[in-house]
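Notes follow the structure.
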Amino acid sequence: MLTRIDHIGIACFDLDKTVEFYRATYGFEVYHSEVNEEQGVREAMLKINDTGDGGASYLQLLEPTREDSTVAKWLAKNGEGVHHIAFGTADVDGDAADIKAKGVRVLYEEPRIGSMGSRITFLHPKDCGGVLTELVTSADPQAGH
Ligand code: MC0
């Protein structure tokens, strides 16, 4: 069961500059940052609020680390902006299987590692009304993603 908006992924050319925009404009601070080599991104998670399921909701700012990454490709075509939305679940495997059975393409055979050690998969945007959609199970739901 999907129980929260885990994060909204925002693609940017310059992560430090974008972090500063969110800090100066809204007062959001970086909760966590990391490089995910497999996904080809450097990212900052800005925690917006805790949620009723023991998790949290974040803005995820994404800067590509290499030209052939999905985010670099998307930025070249669209410029900066909202890249994907992510729903939180306690059971990414089960929810991905249920959604696949409804005819939506699930992009990974097995969930991969996302930010803060979470397990993630993606649904094809062409099957989701043009919205790249991610499913996330936190590494430690009690700790909030
Ligand atoms: C591509 N398309 C999108 C899109 N990316 N539509 C909406 N939102 C997006 N973000 C559309 C294109 O415009 C194109 O439509 C069609 O999908 C095929 O795209 P493409 O440019 O030809 O690229 P593909 O097919 O090589 O790859 C698209 C695909 C890929 C969604 C399969 O981006 C992917 O595997 N994404 C999942 C991984 C990912 O995005 N990782 C970065 C975040 P037209 O109409 O032109 O045919 S990593 C992350 O978020 C982690 C760290 C975390 O949360 O923890």
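The values are calculated or read from the model by the stated rules, or taken from the named source; none is laboratory data. Since the structure is predicted, the reported quantities are computational estimates derived from the model, not experimental observations. Using ideal geometry, Cβ is built from the backbone for each residue, glycine included, and neighbour counts are taken over all protein chains shown.
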Qualifying positions in segment 74-133 - of a type in the set (D, E, K, R), in a strand (DSSP E or B) and in contact (Cβ under 8 Å) with a residue 60 or more places away in the chain: 112
Per-region count, segment 45-73, residues within 10 Å of the ligand (Cβ to nearest atom), out of contact with any Gly (no Cβ under 9 Å at 6 or more places or on another chain) and either among the charged types (D, E, K, R) or in a helix (DSSP H, G or I) (or both): 1
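Only one residue in 88, 130, 144, 114 is more than 8 Å from the ligand (Cβ to nearest atom) and modelled with pLDDT of 95 or more, so which one is that?
Values: 130 fails: more than 8 Å from the ligand (Cβ to nearest atom); 144 fails: modelled with pLDDT of 95 or more; 114 fails: more than 8 Å from the ligand (Cβ to nearest atom).
88 is the lone residue from the list that is more than 8 Å from the ligand (Cβ to nearest atom) and modelled with pLDDT of 95 or more.
Out of 86, 56, 44, I need the residue that is under 14 Å from residue 8 (Cβ atoms), in contact with a Leu (Cβ under 6 Å, 6 or more places away or on another chain) and buried (at least 19 other Cβ atoms within 10 Å of the Cβ). Which one? Let's see the steps before the verdict.
Details: 86 fails: in contact with a Leu (Cβ under 6 Å, 6 or more places away or on another chain); 56 fails: in contact with a Leu (Cβ under 6 Å, 6 or more places away or on another chain).
So the residue among 86, 56, 44 that is under 14 Å from residue 8 (Cβ atoms), in contact with a Leu (Cβ under 6 Å, 6 or more places away or on another chain) and buried (at least 19 other Cβ atoms within 10 Å of the Cβ) is 44.
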Checklist (1) loosely packed, with under 12 Cβ neighbours inside 10 Å; (2) touching an Asp or Glu at 6+ places or on another chain (Cβ under 8 Å); (3) of a type in the set (Val, Ile, Thr) applied to residue 25, failing item: (2)
Enumeration of residues in segment 89-145 that are acidic (Asp, Glu) and under 14 Å from the mean Cα position of the chain (by Cα): 134
Neighbours by Cβ (under 7 Å, 6+ apart or cross-chain): first from segment 1-21, over 15 Å from residue 56 (Cβ atoms); second more than 14 Å from the ligand (Cβ to nearest atom) and among the hydrophobic types (A, V, I, L, M, F, W, C): 19/30
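This table checks each residue for (1) more than 16 Å from the ligand (Cβ to nearest atom); (2) farther than 18 Å from residue 118 by Cα; (3) modelled with pLDDT of 95 or more; (4) not in a strand (DSSP E or B).
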{"position": "3", "(1), (2), (3), (4)": "yes, no, yes, no"}
{"position": "7", "(1), (2), (3), (4)": "no, no, yes, no"}
{"position": "13", "(1), (2), (3), (4)": "no, yes, yes, yes"}
{"position": "17", "(1), (2), (3), (4)": "yes, yes, yes, yes"}
{"position": "22", "(1), (2), (3), (4)": "yes, yes, yes, yes"}
{"position": "28", "(1), (2), (3), (4)": "yes, yes, yes, yes"}
{"position": "32", "(1), (2), (3), (4)": "no, no, yes, no"}
{"position": "43", "(1), (2), (3), (4)": "no, no, yes, no"}
